[in-house]
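To start, the structure itself, in structure tokens.
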Amino acid sequence: MSELSRNKNGQGLAPRLHALERAVDASRGMMPDEVVDRAAGVRTNAGERLARGDAAVVVALAGGTGSGKSTLFNSLAGDDVADVGVRRPTTTDPVALVVGDIEGADSLLDWLEVRKRFTPERKIGLETGLIVLDLPDHDSIRTDHKETVDKLVRRVDVLLWVLDPQKYAQGLLHRGYLKDLRQHAEVQLVALNKVDELVPAEREACVTDLRRILASEGLGKVPIYPISATEGTGLGQLRSALTELADRRTASMQRIDGDLRKAADDLAAHLGLPPEKPLDPDPLVEVVGNAARVDDRAGAEAYRYTVAARRATRPPMLRALSGIVRRRDPASTFSPEDFDPEARDPSPVAVQHALQELSVRYGRGLTRPWRSRLREVALNASEPLQKLTSDALARVTATPPRRSWWRPLSLAWGVFELIALIGIAWLLVLVASTYLGLPASDPPSVGGMSLPIVLTVVGIVGWVVTRLVRERLIAVGAKRYGQWVRRAYHTEIAEAVKEAIAPLAVEIAAYQRLVEDLRAVVG
Amino acid sequence: MDEATDTAPLVTALRDLRHVISACSFSLSADKADERRAERDHLRREIDGLIARISSLGSPLLVVVGGVTGSGKSTIVNTLVGRAVSRTGVIRPTTESPVLIVHPVDAHWFTDDRVLAEFVRVEREGRKTTVDTDDETARLQLIRDEDIPLGLALVDAPDIDSLSVRNRAIADALLDAADVWLWCTSAAKYADQESMRYLARAGARRTALAVALTRVDLEHVDELAGDFREKLAERASIEPELFTVETARVIDERLPRPAVGSIERWLRELSGPLVRRSRRRQTMEGALDIMSADVAGLIAWVADETGTLGVLSDVINRTIAQSRHDFGNALDDGRAMRDEVLLRWNRFAGTSGMLALVERAGERASAWARSLMGALSGERAEEEEQVREAVAIDVASLATQLLDLASGRIVTEWGTIPAGKELLEANPELAEAPPDLEVRTRKTVDEWQSTVVRLVETKGAKRRLRARWLTAVINATATGAIIATLAQTGGLTGAEAGIATAAGAANQALLTRVLGAANMRWLISSARADLERRFTELLAVHRRRFTEVLAAAAPSPKLIAQLEERADAVQKVRSCLN
């Protein structure tokens, strides 16, 4: 078995068969049933053939009605085993010629459902290990013959097509069989029978034309043996070709190798191009973020920060006054403070549309059933996504942070305020006393300037500068906080999106696995 | 001349039938289309053949030599004519271009296109020439030969079963037009399925035919002929004249003359005026007999397509209805518009002095009020514009998204139906959004907004808003109504549910004061109805993209009736042949 499961290149058939099994499962429902069934049949046949060992090489004589299969069969057997006759069609049940005592031959023939078996007593010029089958025709009015042929053509190791000069270009043979066997060039032979009816020049022309047709079908490598089964012409070469096949014993593996490549090709023909990139949720996060109005939420938070910071950094005097003086009515334009984050979740239409767009983007290049499945899976993610997004939005609990510089700034501002007030008060006292003519001492001077004036100027300038600095700091702080909130929402929404579109990612991954499996099937 | 006038109604009836048959395009038949079209073409060619023969009843009897590849058709023809007129050889298929051999006196029947109109004539004398077969049109080589009995035309057709699909099409065309078939098959191939299928077809329409079994070894003649006769009776229900042609050496592409002696005699008999007439009649009557059944076959297929059409249009209709419903839902749940637009408007409506202005609207406008209006109008106009723009963007994108989703759904569902899949592949633009979709939806929303303004104008005119300077108030009220229409929830109008906003009161107050509660409800429901109507129109345009493609592929609804009627008409007038 260990030797059996390796083909001539030393590559194991077992992993290729497993890959085919996975590919068949993944393709079911996504490709025409007959294509998938055929691939599944390859898997089954290969397993069953491998289980029956490589002691025998099964060669089937196939061809149209009246091409002389049975005559050739009898010539090879050296005995009249198969019925030959002039009435068409002749052979109904396949007959087996078993050369030598082959281990497992019976089990193999049981599997092939060939009941008529014949083992020649004497040497017939064929190697032990060879089983030659005479098949019924595939093109007569007996349609049950075609069924038998079709089954055996799928199961035998080597096909020896028996053609004749009259019918070698028959459409049914080429369109019905040979076109599906281009991967099996190594396990096919063609015998052009009845060449005795042709003069040598005609024979040459006929073989050339047949070779041209075969080459056009990708079977240029298939050897053609011009023979005459009745007169024995060319049978020697055919025998030695068969003997060589029996010697090599690789035919069953080569047959399976061809089957696997054919199955992979067939499945791949119904597969589009895989998506180039892994699923990228970012565009969807953006859309859901917009639909959930993350920017508005972040703006509202930044505004709350600004209000809190302004309140906390008011100078003590202003704070005292604010209780008395009402602030101006709120701006006549929209204020982010009004925004109620709890009020709305993203619109379902927007989310569905975004999901459809996502499926379209990743479905490009795929075949229709996969595109449809992606769309279906994507749209099914719509409700979970809305719910997850709603949860995600609720998870973000942003409170404007208190900053350490608020208090010192407020104090500094208060100090400047105080200095300015002292300066102004002092100046007022000086002015009043001068006006009333009260005696007053000159105020002390600093650097040639009167101290009250210095205090007033320093206080006012300091107050103004502090206010400017405060506004700048608050603006920067608000912006940073807003960005942080925005990021927090995005992170949460990205999580929600990732979770919601996980089924889509699974589909895409499955598709990519299928592509890889088919590559593995080819080997 | 008499014959021509007598048969005129039949020719007309056949032409009419042919015309209706041509209308069966079978574009919704998916993988069955090829088979159905082939059958339709068969029928059409048969009718052509009938018309050709009815119009020239005196023309030579068309004997078509057909059969399987390698059965020796051309060799037999060459032997009959006595010279190599048709190419033979071991390279299959041999005869690619059919050859028509006729007595020089009869040749005039075939030089124009009364018979076998679809073939281009190639006149040729004597030996074969190479004929360019790359050409798409089939050629018919016309050979005049005095060995052919008068009143007969012998056609060597290509095989029906070789690799060459073209050969088969040509052979079908010739066999459909034939008066008599001479079917050739060899001793090795006589039980071929394909060959038997053709013979069964000929049997079903009682085509006059004879069969030649070629390459028979002398010793097996009786056995094979007997077996073949049995099989013909059993499988094709025919008991034709059977000729056996024995295996013989082919010299100069001919068999020894005696090998085809019986065929020659048969041909000579066939050329007698009475036999000719009866054979032609037999084939024509047979074709007419089966015609109704053939047309009934077409009718069944057309009916099948009509069913498919129903399934495909059902997908469209269901999806479009769903989209309408979804649009209504989106309006109901108030998510057609972003919240900030709503908030922004309510704040504006409550604070811009609008209410105060409206309060004074009924009084005589004082100079003071005018100046205040002037001061406010700039700010208000800008604000209104922004709000309406924002609304337009939101509603248009909702509509666009719904239309896109509808397309996606139709495309997906069609993709699961073979005929739908084929339509999508033939019309790939269906899967893409139409390029002008966004422009159209936006235009629709803009028009809707204009309609709301007009509604406010008409209602307002009856109430207090007569003065011209109150245009500004009308605009503001219209914007308010637009907002209110989109902000209502659960299908309840603003007055009943309270406009569902955090600060809806201001807008509501504005609308109530300008219009009155009853009018406001009327206005909002009219605006809503108008918006839904406009969306329905957008959907209808969208729907047409699919229905037009479908209608182009689908059979006309009258087709079945027409087929039945015309087939009956043919049967009614066929008695003129007798």
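Table for the structure above
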{"item": "Residue check for B:Leu174: at pLDDT below 85, within 28 Å of the chain's Cα centre (by Cα) and not in a strand (DSSP E or B)", "result": "no"}
{"item": "Complete set of residues in the range B:183-203 that are among the aliphatic types (A, V, I, L, M), at pLDDT below 90 and touching a strand residue (DSSP E or B) at 6+ places or on another chain (Cβ under 6 Å)", "result": "B:Ala187, B:Ala191"}
{"item": "Residue that is at pLDDT below 90 and surrounded by 20 or more Cβ atoms within 10 Å (Cβ to Cβ), where the choices are B:Val250, B:Val302, B:Val315, B:Val260", "result": "B:Val260"}
{"item": "Meets criteria (at negative phi, aliphatic (A, V, I, L, M), within 14 Å of another protein chain (Cβ to nearest Cβ) and in contact with a Lys or Arg (Cβ under 7 Å, 6 or more places away or on another chain)) for A:Val149", "result": "no"}
{"item": "Flag for B:Ala191 being more than 34 Å from the chain's Cα centre (by Cα), among the small types (Gly, Ala, Ser) and more than 14 Å from chain A (Cβ to nearest Cβ)", "result": "no"}
{"item": "Hits in the range A:242-267 - residues which are at pLDDT 90 or above and surrounded by fewer than 17 Cβ atoms within 10 Å (Cβ to Cβ)", "result": "A:Asp265"}
{"item": "Residue within the range B:230-245 that is within 14 Å of another protein chain (Cβ to nearest Cβ), farther than 15 Å from B:Ser71 by Cα, at pLDDT 90 or above and crowded, with 16+ Cβ neighbours inside 10 Å present", "result": "yes"}
{"item": "Selection status of B:Thr308, polar (S, T, N, Q) and in a strand (DSSP E or B)", "result": "no"}
{"item": "Flag for A:Ser67 being closer than 30 Å to A:Gln166 by Cα, surrounded by 14 or more Cβ atoms within 10 Å (Cβ to Cβ) and either assigned by TED's automatic domain parsing to the domain that holds A:Arg368 or of a type in the set (S, T, N, Q) (or both)", "result": "yes"}
{"item": "Residue check for B:Thr441: of a type in the set (Ser, Thr, Tyr), on the phi < 0 side of the Ramachandran plot, modelled with pLDDT of 90 or more and outside any loop (DSSP other than H, G, I, E, B)", "result": "yes"}
{"item": "Extreme residue, farthest from B:Pro149 (Cα to Cα), among residues of the range B:36-56 that are of a type in the set (A, V, I, L, M, F, W, C) and crowded, with 16+ Cβ neighbours inside 10 Å", "result": "B:Leu43"}
{"item": "Hey, B:Leu163 under 44 Å from the mean Cα position of the chain (by Cα), crowded, with 18+ Cβ neighbours inside 10 Å and modelled with pLDDT of 85 or more or not", "result": "no"}
{"item": "Answer residue from the range A:41-64, given it is aliphatic (A, V, I, L, M) and either part of a loop (DSSP other than H, G, I, E, B) or within 14 Å of another protein chain (Cβ to nearest Cβ) (or both) and is surrounded by the fewest Cβ atoms within 10 Å (Cβ to Cβ) among those", "result": "A:Ala55"}
{"item": "Subset of the range A:110-145 [within 30 Å of B:Asp227 (Cα to Cα) and away from chain B (no Cβ under 14 Å)]", "result": "A:Glu113, A:Val114, A:Arg115, A:Lys116, A:Arg117, A:Phe118, A:Val132, A:Leu133, A:Asp134, A:Leu135"}
{"item": "B:Val155 closer than 28 Å to B:Asp34 by Cα, away from every other protein chain (no Cβ under 14 Å) and at pLDDT 85 or above", "result": "yes"}
{"item": "B:Asp227 charged (D, E, K, R), touching a Phe, Trp or Tyr at 6+ places or on another chain (Cβ under 9 Å), assigned by TED's automatic domain parsing to the domain that holds B:Ala169 and free of Cβ contacts under 8 Å to residues at least 40 places away in the same chain", "result": "yes"}
{"item": "Test: residue in the range B:199-211 that is more than 9 Å from chain A (Cβ to nearest Cβ), closer than 25 Å to A:Asp144 by Cα and either without any contact (Cβ under 8 Å) to a residue 24 or more places away in the chain or not small (Gly, Ala, Ser) (or both)", "result": "yes"}
{"item": "Some residue of the range A:336-347 being assigned by TED's automatic domain parsing to the domain that holds A:Val287, farther than 30 Å from B:Arg335 by Cα, modelled with pLDDT under 90 and more than 45 Å from the chain's Cα centre (by Cα)", "result": "no"}
{"item": "Residue within the range B:251-265 that is basic (Lys, Arg) and in contact with a strand residue (DSSP E or B) (Cβ under 7 Å, 6 or more places away or on another chain) present", "result": "no"}
{"item": "Those residues of the range B:395-409 which are in contact with a Leu (Cβ under 8 Å, 6 or more places away or on another chain) and either of a type in the set (D, E, K, R) or more than 9 Å from chain A (Cβ to nearest Cβ) (or both), in sequence order", "result": "B:Val395, B:Ala399, B:Leu403, B:Asp404, B:Ala406, B:Ser407"}
{"item": "Qualifying residue in the range A:26-38 (condition: among the aliphatic types (A, V, I, L, M), more than 24 Å from B:Ala191 (Cα to Cα) and not in a helix (DSSP H, G or I))", "result": "yes"}
{"item": "Test: residue in the range A:74-84 that is of a type in the set (A, V, I, L, M), surrounded by 17 or more Cβ atoms within 10 Å (Cβ to Cβ) and modelled with pLDDT of 85 or more", "result": "yes"}
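Conditions (1) part of a helix (DSSP H, G or I); (2) at pLDDT 95 or above, marked per residue:
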site	(1), (2)
B:Asp289	yes, no
B:Val295	yes, no
B:Thr319	yes, yes
B:Ala330	yes, no
B:Arg335	no, no
B:Leu342	yes, no
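Per-residue answers, yes or no, for (1) free of Cβ contacts under 8 Å to residues at least 60 places away in the same chain; (2) among the hydroxyl-bearing types (Ser, Thr, Tyr); (3) in a helix (DSSP H, G or I):
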residue: B:Thr7; (1), (2), (3): no, yes, yes
residue: B:Val11; (1), (2), (3): yes, no, yes
residue: B:Ser27; (1), (2), (3): no, yes, no
residue: B:Glu35; (1), (2), (3): yes, no, yes
residue: B:Leu50; (1), (2), (3): no, no, yes
residue: B:Arg53; (1), (2), (3): no, no, yes
residue: B:Val64; (1), (2), (3): no, no, no
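Residues checked against (1) more than 14 Å from chain A (Cβ to nearest Cβ); (2) of a type in the set (A, V, I, L, M, F, W, C); (3) at negative phi:
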{"site": "B:Asp41", "(1), (2), (3)": "yes, no, yes"}
{"site": "B:Leu57", "(1), (2), (3)": "yes, yes, yes"}
{"site": "B:Leu61", "(1), (2), (3)": "yes, yes, yes"}
{"site": "B:Val85", "(1), (2), (3)": "yes, yes, yes"}
{"site": "B:Leu116", "(1), (2), (3)": "yes, yes, no"}
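Residues checked against (1) at pLDDT 90 or above; (2) within 13 Å of B:Thr441 (Cβ to Cβ):
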residue: B:Arg380; (1), (2): no, no
residue: B:Glu384; (1), (2): no, no
residue: B:Val387; (1), (2): no, no
residue: B:Leu398; (1), (2): yes, yes
residue: B:Asp404; (1), (2): yes, yes
residue: B:Ala419; (1), (2): yes, no
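The values are calculated or read from the model by the stated rules, or taken from the named source; none is laboratory data. A quick note: this is a predicted structure, and the numbers were derived from the prediction, not measured. Here Cβ is always computed from backbone atoms with ideal geometry, including for glycine, and neighbour counts include all displayed protein chains.
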